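We did not get these values from a lab; they are worked out from the coordinates using the rules stated. This is a predicted model, so every value here is computed, not measured. Here the Cβ positions follow ideal geometry from the backbone for every residue, glycine too, while neighbour counts run over all protein chains shown.
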């Protein structure tokens, strides 16, 4: 076991399309090399147009999900409007950096629609301390990032529609987790468009 980040196992991909984004994760919950369950939730919706995917230690993932939800609810009460995706990403950065001397073992990926028109794809990944990396095509996280990067670079094309984007991200994730024993056992894909969210569960290899 090389890292506490790989203790429970995870794989997440976020991709940008034409006025849409998709974010997908595996479902495996494991303790080291043992698989304990195959219904682990790793992607959380925190607003109408914002998703956050969490990889790392399962207990810290659940703690951060509750803190994100609390802070976004407080923002909604104070400001009387939804938190934008860019503001949410900055809030996550601030929260992680507050705990820099005893960090949460989580690397979030924030994906959503933002900009002035509310249709521009927004992808942002972070490390344990909240240092942001923003991209306009795709973002990967988890244990098998090398395989996921290679597959995404091979299959991704700019300006994909929602259906094409779903197909590409699903194939990338299913193929990527086949090369890693700490992730897999099915996956869930969320496709976000200005009209709403479409969620699909996919079967994967169970060995």
- Gain in span if fully extended, residue 164 to residue 132, counting 0.36 nm per residue against the direct Cα distance: 8.8 nm
- Message: Quick check on the chain: what are the equivalent-ellipsoid semi-axes from the Cα gyration tensor, as sqrt(5λ), descending, whole Å?
- Response: 24, 22, 14
- Message: Between residue 178 and residue 149, what is 0.36 nm times their sequence separation minus the Cα-Cα distance? Round to one decimal in nm.
- Response: 9.1 nm
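Over the range 4-202, what is the relative contact order in whole percent, taking alpha-carbon pairs under 8 Å and six or more residues apart?
32 percent
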- Task: Could you give the spread of the C-alpha atoms of the range 66-185 along their three principal axes, from largest to smallest, in whole angstroms?
- Result: 43, 38, 24
- Query: Taking 1 over the mean of 1/r across every pair of different Cα atoms in the range 1-78, what Kirkwood radius in Å do you get?
  - Reply: 13.9 Å
- Task: Using only alpha carbons, build the gyration tensor for the range 39-93 and give me the equivalent ellipsoid semi-axes, biggest first, whole Å.
- Result: 21, 11, 10
- Message: Need one number: nm distance between label points at residue 78 and residue 117, each 7 Å from Cα along Cα→Cβ, rounded to one decimal.
- Response: 3.2 nm
